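A quick write-up on the structure given underneath.
None of the figures in this text is laboratory data; all of them are computed from the coordinates on show. Computed from a predicted model, the values in this text were never measured in an experiment. No Cβ is skipped: glycine too gets one built from the backbone with ideal geometry, and neighbour counts run over all protein chains shown.
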Amino acid sequence: MFRIEYLPPGSAWTPDAGTVGSFDGGWRAGRIHGAARFVRFLSHAGQAPEGQTYAANRQDGAFWLAEERFLQIKVRAEADLKRQPGAGPGRTPNRLAMYLRHEFRCLLAVRRDWTPSFDYLARLTIPHGESVVALIGKIKEQPVYSPAFPGEASAREAGLKLEGGLIQYVIWFDFPANVKARNWITSPLPV
């Protein structure tokens, strides 16, 4: 596991209201020391099932997950799928990708109108001896859709929510201490 050095208030940037609202119970600024690896789920450009069109997600976007946690959840998902009926050769990889997309949408609380799918991953590898500054905290539960989005009222009435709960690492690559970290991002990786 990587080392986090928590920083005094005011040592990082001031996040916007949307970022602050993504945390459950607040956040702390921390310097993450390498070697460390993080992943970010990305979506290709296209049209979502709800009809809206999207540009491709940015590889250097702000919201990241520790790769170690991603791999733990993936191993658990693989084991769960192997116990299910119809888990024969050749079927599990497709089912695994679908399972992971659903699982991570819930755990990361990514609303459907924010990003339609998780097509691939970007990886941020912080080398040994290097560091980045991040805002760190637990992900807050979110509704399935934003308030003005079609279908939001029926999803809310049905009690549908995205549970959140994982720890997120918000890394702003324009922050002076993080600019060089853009060069440490690789993509695409399969989900």
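Couple of notes before you dig in:
- Rg to Rh quotient for segment 88-191, alpha carbon positions, Kirkwood Rh: 1.05
- Once both labels are positioned 7 Å from their Cα atoms along Cα-to-Cβ, the gap between residue 79 and residue 1 label points is 1.9 nm.
- Taking every alpha-carbon pair under 8 Å whose residues sit at least 6 apart, the chain reaches a relative contact order of 30 percent.
- Considering segment 15-124 at the alpha-carbon level, its Rg and Dmax are found to be 15.9, 47 Å.
- Expressed per residue, the C-alpha convex hull volume of the chain stands at 140 Å³.
- C-alpha long axis of helix 92-108 to longest principal axis of the chain, angle in °: 60 degrees
- When you count the other C-beta atoms within 10 angstrom of each residue and take the mean per peptide, 125-134, 146-155 line up highest first as 125-134, 146-155.
- Label-point separation, residue 141 to residue 33 (7 Å along Cα→Cβ), nm: 3.7 nm
- In the chain, a dipole from Cβ-located charges (positive for Lys and Arg, negative for Asp and Glu) runs towards its positive end, and of 149, 29, 2 it is 2 whose Cα lies farthest in that direction.
- For the chain, the mean residue ellipticity at 222 nm estimated from helices alone is -7000 deg cm²/dmol, where every DSSP H run of n ≥ 4 contributes -39500 (n - 2.57) and the total is divided by all residues, rounded to the nearest 500.
- Evaluated at q = 0.23 Å⁻¹: base-10 log I(q)/I(0), Debye formula over Cα of segment 14-57: -0.96
- Partners of residue 161 within straight-line reach, counting aspartates and glutamates whose Cα lies under 12 Å from its Cα and excluding those fewer than 8 residues away in the same chain: 141, 152.
- Computed from Cα positions, the angle between helix 67-83 and the longest principal axis of the chain comes to roughly 20 degrees.
- Among 67-75, 42-50, 115-123, 169-177, the order from most to least packed when residues are scored by Cβ within 10 Å on average: 115-123, 169-177, 67-75, 42-50
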